[in-house]
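What follows is a set of notes on a single structure, which appears directly below.
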Amino acid sequence: MFAPTTAALKEWAIVCNALADGRQIVLIRKGGIEEIKAGFQVTHRDFWLFPTFVHENTADLIPPVHGEFARLRAAPPPAGALAVQLYATVTEAVKVTELDRLRALEGAHILSWDAVAARFQYRNRPGVHVLTLRVHRLPRPVVLEVKPWYDGCVSWVELDQAVDPRGATPVLSDPEFTRREADIRAILGATAAA
């Protein structure tokens, strides 16, 4: 089922924490500065989550995670090291072009409404992609050396070596994930991958 891959999606470290413990199963994506022309694309269906601290700030998060965010910022990973531990599979990808539809997702993610609205309107190009992810966690992170090509405001990077996800276990049970995935699908009216 799982195969080693070099594909990695950059995501805020605090959001990775919420995915790691099952608090959320969705990502709301617009794309990095270097992706503005084409916008965000679901380039890979199976990938590693690449935790990043770039552009993270307290105002973009719901108040209940502010303390966790402060602790995370106070203990950053060692310079030059990237720890990958979360393997994700996109089970649904929906392009949302109506901001009001995103209101119904409040409580299903840790972003503040202002952050969601700002992403939606970014660069005066309304819309975001909502990804539903089935996340698996390795028992221990695989630590890689940070490479220069990992820098930049892009969503996707190719790791310098493939990381094997065998041994990773789901962060949510099958019944719990299925229930929550159905809830997200009902909210968004999802019927097909974007």
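The values are calculated or read from the model by the stated rules, or taken from the named source; none is laboratory data. Please read these numbers as outputs of a predicted model, since none were measured by experiment. With ideal geometry, Cβ positions are generated from the backbone for all residues, glycine too; neighbour counts draw on all protein chains shown. Only protein heavy atoms, including side chains, enter the accessible area calculation; ligands, DNA and RNA are left aside. Shrake-Rupley method; radii C 1.70, N 1.55, O 1.52, S 1.80 Å.
Residues of the range 100-117 being of a type outside the set (S, T, N, Q) and farther than 12 Å from Val130 by Cβ, which ones?
Asp100, Arg103, Glu106, Gly107, Ile110, Trp113, Asp114, Ala115, Ala117, listed by residue number.
Based on what the data block shows, is Phe120 under 23 Å from His55 (Cα atoms), aromatic (Phe, Trp, Tyr), free of Cβ contacts under 8 Å to residues at least 60 places away in the same chain and assigned to a helix (DSSP H, G or I)?
For Phe120, the condition - under 23 Å from His55 (Cα atoms), aromatic (Phe, Trp, Tyr), free of Cβ contacts under 8 Å to residues at least 60 places away in the same chain and assigned to a helix (DSSP H, G or I) - is not met.
When only residues in the range 40-73 that are in a strand (DSSP E or B) and open to solvent by 40 Å² or more (accessible area, probe 1.4 Å) count, which is nearest to Ala115 (Cα to Cα)?
Once the filter is applied, the top-ranked residue is Pro51.
Assuming Gly167 fulfils every condition listed in (1) surrounded by fewer than 19 Cβ atoms within 10 Å (Cβ to Cβ); (2) in contact (Cβ under 8 Å) with a residue 40 or more places away in the chain; (3) part of a loop (DSSP other than H, G, I, E, B) apart from one, which condition is it?
Evaluating Gly167 over (1) surrounded by fewer than 19 Cβ atoms within 10 Å (Cβ to Cβ); (2) in contact (Cβ under 8 Å) with a residue 40 or more places away in the chain; (3) part of a loop (DSSP other than H, G, I, E, B) leaves (2) as the failure.
Could you grab me the full set of residues in the range 5-39 that are modelled with pLDDT under 95, over 23 Å from Asp114 (Cα atoms) and not hydrophobic (A, V, I, L, M, F, W, C)?
Selection gives Lys37 alone.
Looking only at the range 122-161, how many residues end up being within 23 Å of Gly189 (Cα to Cα) and either under 19 Å from the mean Cα position of the chain (by Cα) or at pLDDT 95 or above (or both)?
Number satisfying all stated conditions: 9.
Search the range 125-141 for residues that are over 16 Å from Cys16 (Cβ atoms) and pair each with any residue that is open to solvent by 60 Å² or more (accessible area, probe 1.4 Å) when their beta-carbon atoms are under 7 Å apart and the residues are at least 6 apart or on different chains.
Pro126/Thr97; Gly127/Lys95; Gly127/Thr97; His129/Lys95; His129/Ala194
Only one of these conditions is not met by Gly22: (1) under 30 Å from Pro126 (Cβ atoms); (2) open to solvent by less than 20 Å² (accessible area, probe 1.4 Å); (3) outside any helix (DSSP H, G or I). Which number is it?
The single condition Gly22 does not satisfy is (1).
Within the range 132-142, is even one residue crowded, with 19+ Cβ neighbours inside 10 Å, of a type in the set (S, T, N, Q) and in a strand (DSSP E or B)?
yes
Which members of the range 81-131 meet the condition of being closer than 18 Å to Arg180 by Cα, in contact with a strand residue (DSSP E or B) (Cβ under 6 Å, 6 or more places away or on another chain) and surrounded by fewer than 20 Cβ atoms within 10 Å (Cβ to Cβ)?
Once the filter is applied, which keeps residues that are closer than 18 Å to Arg180 by Cα, in contact with a strand residue (DSSP E or B) (Cβ under 6 Å, 6 or more places away or on another chain) and surrounded by fewer than 20 Cβ atoms within 10 Å (Cβ to Cβ), the range 81-131 yields Thr89, Val90, Thr91, Ala108.
If the requirement is being closer than 16 Å to Phe2 by Cβ and of a type outside the set (Asp, Glu), which of these qualifies: Val146, Val157, Val135, Val128?
Selected residue: Val135, the only one of Val146, Val157, Val135, Val128 that is closer than 16 Å to Phe2 by Cβ and of a type outside the set (Asp, Glu).
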